[in-house]
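The values are calculated or read from the model by the stated rules, or taken from the named source; none is laboratory data. Computed from a predicted structure; not experimentally measured. Note: ideal-geometry Cβ built from the backbone for every residue, glycine included; neighbour counts use all protein chains shown.
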Amino acid sequence: MIKDRFSRIGFILAATGSAVGLGNIWKFPYITGDNGGGLFVLVYLVTILFVGISVFIAESYVGYATHKNSVDAFETLAKSNKQAWKFGGFTFVTALAILSFYVVVIGWILKYMVVSITTLPQSVQEAQNMFLGMLKEDMFSQIGYFVVAFLIVAFIVSKGVKSGIERVNKILMPALFLLLIGMLLYSMSFDSFGTALHFMFYPDLTHFKSESILIAVGHAFFTLSIGMAAILTYSSSLETNTNIVKSSVIVALLDTLVALVAGIVIFTILFNAGFESSQGAGLVFITLPALFYEFGAIGNILSLAFFTALAFAGITSAISILEPAVRYVEEKKEVSRVKATYMISFGIALIGLATLLSNLTPFSNTLTFGDKNLFDWFDFISSSILLPLGGIVTALFVGFFIDQNHLKTNMLHYMSKGVYNTWLFSIRFIVPLGVGIIMIEKLGLFS
Ligand code: TRP
């Protein structure tokens, strides 16, 4: 049992901090751009609604009902075969895969906070040279920013739930929201605001590729932080007497809002300059800085605001990815939290270093396997395979392998009978079948 716990509002902010991350502000806009806009957004929204929220609630339940670390939580709730449900441990692999590229990107963001106030690139060409120069050639500054990013994340986690994670989220999340609202209001003054809305919300069939479906579904898991026991671990540190259903819905709603707002702001600025929507992963690091330059001094401020918001979003998410393993080691091995944090962070940072190197020209050949380098593999495997898989297993676990009477009695405190039955149907059938079929089909497993 954990004594270091969140307050109710602290939990909502921390879970929102976990959900709102690079996924919302960096990844969502560029994959929306690459996958044709409206229809992709629609698939993503539908997945959040029918799959994402259900899994989020199921994961919260496992944590909240046991107040234990992810491995023990599954073991405790399993009706039988308790040993087999050491499943929680598998999620540490997912955490490793995500963190090892995620913190590299936070490092880039820290660098771009400095770029914002020193020298913004003066054209897209220059911006591209700057970004690719960093990505492919500049090993030392990348490693430097990566180490700083990791130290910030580890330091916060080492301070514990209440005085580390909760405290940081209570400051950074409201700050992030203010920055985003400011940017949204500003983007409304552009004519291209309407074009951006149209691009994001008009479901245009002609620009849709069928591969986009798995990307949208995978991203729904990634953006809600579900499928690797992060939400489970946060809810296990939650005060009793909390309405976990209501808080799940609030978090999902805020997360979706942030992604949509980030998309609208970015596409408004992009279309204002007459750019195409599909700019790939470099969208916020290449196109945006060059566009910010056009705004003169305001551009520097805007750019700093943007990358600061991105850094806040990334850091509050990274801590939630690190937390489950730290909690496990802390509880099981009886070492101090501080020691556990730095040990695990060091291990992950070594793998992170390999993903960082895989983008650099001198190492990229060695660290490329098939059509992707290590960095892209970790991104792909976590979003398109490990997280949906973790989500399916968690959904099936709660739907079939735990005491159903107990589940029902507990859940009926938070939802009506009708909603409960719908939710149960979703985690028992819609999540495993829907997501499973899409994964099998799109990964070409049986073809
Ligand atoms: N949700 C975060 C984002 O959108 C990333 C993240 C944080 C995450 N914790 C997670 C993803 C746990 C999967 C699982 O950037």
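Below are the figures for this structure:
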read-out: Residue among ILE171, ILE213 that is more than 16 Å from the ligand (Cβ to nearest atom), closer than 30 Å to HIS67 by Cβ and not in a loop (DSSP other than H, G, I, E, B); value: ILE171
read-out: Leading residue by the ranking (farthest from PHE380 (Cα to Cα)) among those in the range 95-123 that are among the hydroxyl-bearing types (Ser, Thr, Tyr) and buried (at least 22 other Cβ atoms within 10 Å of the Cβ); value: TYR112
read-out: Test: PHE56 is surrounded by fewer than 24 Cβ atoms within 10 Å (Cβ to Cβ) and of a type outside the set (A, V, I, L, M); value: no
read-out: In the range 180-215, the residues that are buried (at least 18 other Cβ atoms within 10 Å of the Cβ) and closer than 28 Å to VAL153 by Cβ; value: LEU180, MET183, ILE215
read-out: Among the candidates VAL51, VAL104, VAL41, VAL55, residue that is within 16 Å of the ligand (Cβ to nearest atom) and either touching a His at 6+ places or on another chain (Cβ under 9 Å) or modelled with pLDDT under 95 (or both); value: VAL51
read-out: Which numbered condition ILE427 misses (of (1) under 30 Å from GLY164 (Cβ atoms); (2) crowded, with 17+ Cβ neighbours inside 10 Å; (3) of a type in the set (Val, Ile, Thr); (4) away from the ligand (no atom under 16 Å from the Cβ)); value: (1)
read-out: Residues of the range 6-60 satisfying the condition of being in contact with a strand residue (DSSP E or B) (Cβ under 7 Å, 6 or more places away or on another chain) and part of a helix (DSSP H, G or I); value: PHE11, ALA14
read-out: Test: residue in the range 386-395 that is of a type outside the set (Ser, Thr, Tyr) and under 18 Å from SER100 (Cα atoms); value: yes
read-out: Test: residue in the range 358-372 that is more than 16 Å from the ligand (Cβ to nearest atom), over 30 Å from ILE106 (Cβ atoms) and not basic (Lys, Arg); value: no
read-out: Residue in the range 246-264 that is without any contact (Cβ under 8 Å) to a residue 40 or more places away in the chain and in a loop (DSSP other than H, G, I, E, B) present; value: no
read-out: Some residue of the range 404-415 being closer than 16 Å to ALA73 by Cα and buried (at least 16 other Cβ atoms within 10 Å of the Cβ); value: yes
read-out: Helices (runs of 4 or more DSSP H) within the range 339-447 that include 3 or more residues of a type in the set (S, T, N, Q) and out of contact with any Lys or Arg (no Cβ under 7 Å at 6 or more places or on another chain); value: 404-411
read-out: Single residue of SER237, SER248, SER225 found to be over 21 Å from TRP26 (Cα atoms), crowded, with 18+ Cβ neighbours inside 10 Å, modelled with pLDDT of 95 or more and within 16 Å of the ligand (Cβ to nearest atom); value: SER248
read-out: Yes/no for SER278 being assigned to a helix (DSSP H, G or I), touching a residue at least 24 places away in the same chain (Cβ under 8 Å) and over 24 Å from PHE155 (Cα atoms); value: no
read-out: Residue that is nearest to PHE92 (Cα to Cα), among those in the range 285-331 that are within 13 Å of the ligand (Cβ to nearest atom) and of a type in the set (Val, Ile, Thr); value: ILE321
read-out: Failed condition for VAL105, given (1) within 20 Å of the chain's Cα centre (by Cα); (2) among the β-branched types (Val, Ile, Thr); (3) not in a helix (DSSP H, G or I); value: (3)
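A quick yes/no check of all residues on (1) surrounded by fewer than 18 Cβ atoms within 10 Å (Cβ to Cβ); (2) within 15 Å of LYS162 (Cβ to Cβ):
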| position | (1), (2) |
| --- | --- |
| ILE9 | yes, yes |
| LEU13 | no, yes |
| THR16 | no, no |
| GLY23 | no, no |
| LYS27 | no, no |
| ILE31 | no, no |
| ASP34 | no, no |
| LEU49 | yes, no |
